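Trainee: Sharing a structure here in structure tokens format.
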Amino acid sequence: MVSIPWVDIPAILSLASFGLIFFLVFYGPRVQSVTTVGSIVRSLEKLETMKGTARTAVVDYMKTTGGTDGDLKRVDDIINYVTIMPVDIDPSGVIRKIEHLANTSDDRVRREVARLMKGADPVSLSVAQNLVEIAGGLNMMHKVIRHYYLTGRKTHSYATLLQLQMSLPQVMVQAEELLRATDSIRSGKPVGDGVGPLVASKFIGDAPKETIARDTILARTTVKGRQLLVIKAEGPMGYVGQPGVAIRRVVEEMDTPLKAIIMVDAAAKLEGEETGEIAEGVGAAIGGIGVEKFQIEEVAARHGIPLYAVLVKEGDEDVMSTMKKSIVEGADRAAEAVTRTIEENSDEGDAILLAGIGNTLGVGQ
């Protein structure tokens, strides 16, 4: 009979535990650092691929709509355009400066795109400009992430790398949404952000239209015995127009006494909310860098005009994706909310202004 030597299992486990603790104390940070760097590098590689895919989408679209191989070498220059924000040490007049720079930047991109796409129709030009903006956004994301990654490696700052790793999930989600948007934009179909113009178009119908600001139209109709002035970006091009300028011209230059201003726009939904839900409130329902929002709030406050908002809830992934059925149904509910707001806050004969805010790609008048 073979005898089995006695083994002190508790002692072995104790030694193993001490060995693991020793390893974690001296080598744990290094292992964690390698894991962090690996995660960042993988995300950077994915961002670079996404950036290249977006650029290819721009080039391919321009080629099919009149661009030439020689001209398209300028695409990279356009994608890398930057806008330098004005000094804000003295905030007086800074909004006017930002508006001027934003308009100058938009003008330059439009001219470049039009030069590369000689003879293209207005819708194609607007689609190309949207694609350029998407490619530029992905390009900037890649540059910023790469900058902080290389800075962290250069300075041996694990804290910098750790903060970067923690922020990457949100960045990558935004990047993936932008990349998916290229297919929606290129198709010319309405996107989720166009829900505001879609609601406005429901009220315009066959009413006569006039240009009130750049890429922005004004239509006059009646609802429940009230005069309704409707503003939206001119479709079906992929523009958002200048609703701030349009509202100011209606109120001040056209001297129209408004009982109320109602704004309809898409709004980011919270987790747990359903896409297409409606929220009603007060205030200027408009995103962007703040210029249009300031202009609308300034005009409304100066003339004592109530600002009402009707919001259609959407996820971040819905904004620049092809408009879903739930958002279209939300637009119907938003139109009902607009009619109710008009009835509850005005009398027959009053003038109301309705502004449909958003990218009006694929949404006619």
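The values are calculated or read from the model by the stated rules, or taken from the named source; none is laboratory data. Quantities reported herein were computed from a predicted structural model and do not represent experimental measurements. So basically every Cβ, Gly included, is an ideal-geometry build from the backbone, and we count neighbours across all protein chains shown. In case anyone asks, the SASA skips ligands and DNA or RNA and just uses the protein heavy atoms, side chains included. Shrake-Rupley method; radii C 1.70, N 1.55, O 1.52, S 1.80 Å.
Trainee: How about segment 317-349: which of its residues are touching a Lys or Arg at 6+ places or on another chain (Cβ under 9 Å) and either surrounded by fewer than 17 Cβ atoms within 10 Å (Cβ to Cβ) or polar (S, T, N, Q) (or both)?
Mentor: Scanning segment 317-349 gives Glu317, Ser321, Thr322, Asp332, Thr339, Glu343, Asn345, Ser346, Asp347, Glu348, Gly349.
Trainee: Here's a follow-up. If I ask for residues that are under 26 Å from the mean Cα position of the chain (by Cα) and among the basic types (Lys, Arg), which ones from segment 311-359 would you list?
Mentor: Lys313, Lys324, Lys325, Arg333
Trainee: While we're looking at this one, here's another question. Pairs under 7 Å by beta carbon, first residue touching a residue at least 12 places away in the same chain (Cβ under 8 Å) in segment 337-353, partner in a helix (DSSP H, G or I) and open to solvent by less than 10 Å² (accessible area, probe 1.4 Å), six or more apart or different chains?
Mentor: As it stands, the answer is Val338/Val199; Ile352/Ile342; Leu353/Ile247; Leu353/Val250, since those pairs meet every condition given.
Trainee: Let me ask you something else. How many residues are in contact (Cβ under 8 Å) with a residue 24 or more places away in the chain, out of contact with any strand residue (DSSP E or B) (no Cβ under 6 Å at 6 or more places or on another chain) and hydrophobic (A, V, I, L, M, F, W, C) when one looks only at segment 251-269?
Mentor: Within segment 251-269, residues that are in contact (Cβ under 8 Å) with a residue 24 or more places away in the chain, out of contact with any strand residue (DSSP E or B) (no Cβ under 6 Å at 6 or more places or on another chain) and hydrophobic (A, V, I, L, M, F, W, C) number 2.
Trainee: Quick check on Ala267: is it among the small types (Gly, Ala, Ser), in contact with a Leu (Cβ under 9 Å, 6 or more places away or on another chain) and open to solvent by less than 10 Å² (accessible area, probe 1.4 Å)? Reasoning before the result, please.
Mentor: On the way: among the small types (Gly, Ala, Ser): yes; in contact with a Leu (Cβ under 9 Å, 6 or more places away or on another chain): yes; open to solvent by less than 10 Å² (accessible area, probe 1.4 Å): no.
Criteria not met by Ala267.
Trainee: Given the criteria surrounded by 15 or more Cβ atoms within 10 Å (Cβ to Cβ) and either at pLDDT below 85 or of a type in the set (Gly, Ala, Ser) (or both), does Val59 qualify? Let's see the steps before the verdict.
Mentor: On the way: surrounded by 15 or more Cβ atoms within 10 Å (Cβ to Cβ): yes; either at pLDDT below 85 or of a type in the set (Gly, Ala, Ser) (or both): no.
When the stated conditions are applied, Val59 does not pass them.
Trainee: Which is over 19 Å from Ala233 (Cβ atoms), in a helix (DSSP H, G or I) and either touching a Leu at 6+ places or on another chain (Cβ under 8 Å) or β-branched (Val, Ile, Thr) (or both), of Glu297, Glu280, Glu317?
Mentor: Details: Glu280 fails: in a helix (DSSP H, G or I); Glu317 fails: either touching a Leu at 6+ places or on another chain (Cβ under 8 Å) or β-branched (Val, Ile, Thr) (or both).
Just one listed residue meets the conditions, Glu297.
Trainee: Next question. Those residues that are in contact (Cβ under 8 Å) with a residue 40 or more places away in the chain, open to solvent by 10 Å² or more (accessible area, probe 1.4 Å) and not basic (Lys, Arg), I need them from segment 218-233; list them, please. Working first, answer last.
Mentor: So in segment 218-233, the residues in contact (Cβ under 8 Å) with a residue 40 or more places away in the chain come out as 219, 223-233.
Subset that is open to solvent by 10 Å² or more (accessible area, probe 1.4 Å): 223-227.
Hits for segment 218-233 are Val223, Gly225, Gln227.
Trainee: Could you please find all residues in segment 78-96 being touching a helix residue (DSSP H, G or I) at 6+ places or on another chain (Cβ under 9 Å), open to solvent by less than 90 Å² (accessible area, probe 1.4 Å), assigned to a helix (DSSP H, G or I) and more than 21 Å from Gly136 (Cα to Cα)? Step through it out loud before you land on a result.
Mentor: Of all residues in segment 78-96, those touching a helix residue (DSSP H, G or I) at 6+ places or on another chain (Cβ under 9 Å) come to 78-88, 95-96.
Restricting the remaining residues to those that are open to solvent by less than 90 Å² (accessible area, probe 1.4 Å) gives 78-81, 83, 86-87, 95.
With assigned to a helix (DSSP H, G or I) added as a condition, the list becomes 78-79, 95.
Across segment 78-96, the qualifying residue is only Ile95.
Trainee: If we keep just the residues of segment 304-316 that are open to solvent by 20 Å² or more (accessible area, probe 1.4 Å) and among the hydrophobic types (A, V, I, L, M, F, W, C), which is farthest from Ile261 (Cα to Cα)? Step through it out loud before you land on a result.
Mentor: Of segment 304-316, the ones open to solvent by 20 Å² or more (accessible area, probe 1.4 Å) are 304, 306-308, 311, 313, 316.
Now narrow it down to the ones that are among the hydrophobic types (A, V, I, L, M, F, W, C): 307, 311.
On the way: Leu307: 5, Leu311: 14 Å.
Filtering segment 304-316 for residues that are open to solvent by 20 Å² or more (accessible area, probe 1.4 Å) and among the hydrophobic types (A, V, I, L, M, F, W, C), the one farthest from Ile261 (Cα to Cα) comes out as Leu311.
Trainee: Does Thr68 satisfy being modelled with pLDDT under 80, within 25 Å of Leu116 (Cα to Cα) and among the polar types (S, T, N, Q)? If you could, list the steps in order and put the result at the bottom.
Mentor: Numbers: modelled with pLDDT under 80: yes; within 25 Å of Leu116 (Cα to Cα): yes; among the polar types (S, T, N, Q): yes.
Answer is yes for this residue.
Trainee: Oh, and also: Residues being in a loop (DSSP other than H, G, I, E, B), small (Gly, Ala, Ser) and touching a helix residue (DSSP H, G or I) at 6+ places or on another chain (Cβ under 9 Å): count how many of those fall in segment 326-365. Talk me through it step by step, then tell me what you get.
Mentor: Narrowing segment 326-365 to residues in a loop (DSSP other than H, G, I, E, B): 345-350, 357-365.
Retained after the next criterion (residues that are small (Gly, Ala, Ser)): 346, 349, 358, 362, 364.
Next cut, touching a helix residue (DSSP H, G or I) at 6+ places or on another chain (Cβ under 9 Å) only: 358, 362, 364.
Total satisfying the criteria: 3.
Trainee: Turning to a different aspect of this structure: Which residues, taken from segment 97-120, are modelled with pLDDT of 90 or more and either loosely packed, with under 13 Cβ neighbours inside 10 Å or among the aromatic types (Phe, Trp, Tyr) (or both)?
Mentor: His100, Thr104, Asp107, Arg111
Trainee: Here's something else I'd like to know. Can you find even one residue in segment 158-175 that is of a type in the set (Phe, Trp, Tyr), assigned to a helix (DSSP H, G or I) and open to solvent by less than 50 Å² (accessible area, probe 1.4 Å)? Quick ask: steps written out before the conclusion?
Mentor: Quick first cut of segment 158-175, residues of a type in the set (Phe, Trp, Tyr) only: 158.
If we keep only those that are assigned to a helix (DSSP H, G or I) too, we end up with 158.
If we keep only those that are open to solvent by less than 50 Å² (accessible area, probe 1.4 Å) too, we end up with none.
No, that holds for no residue.
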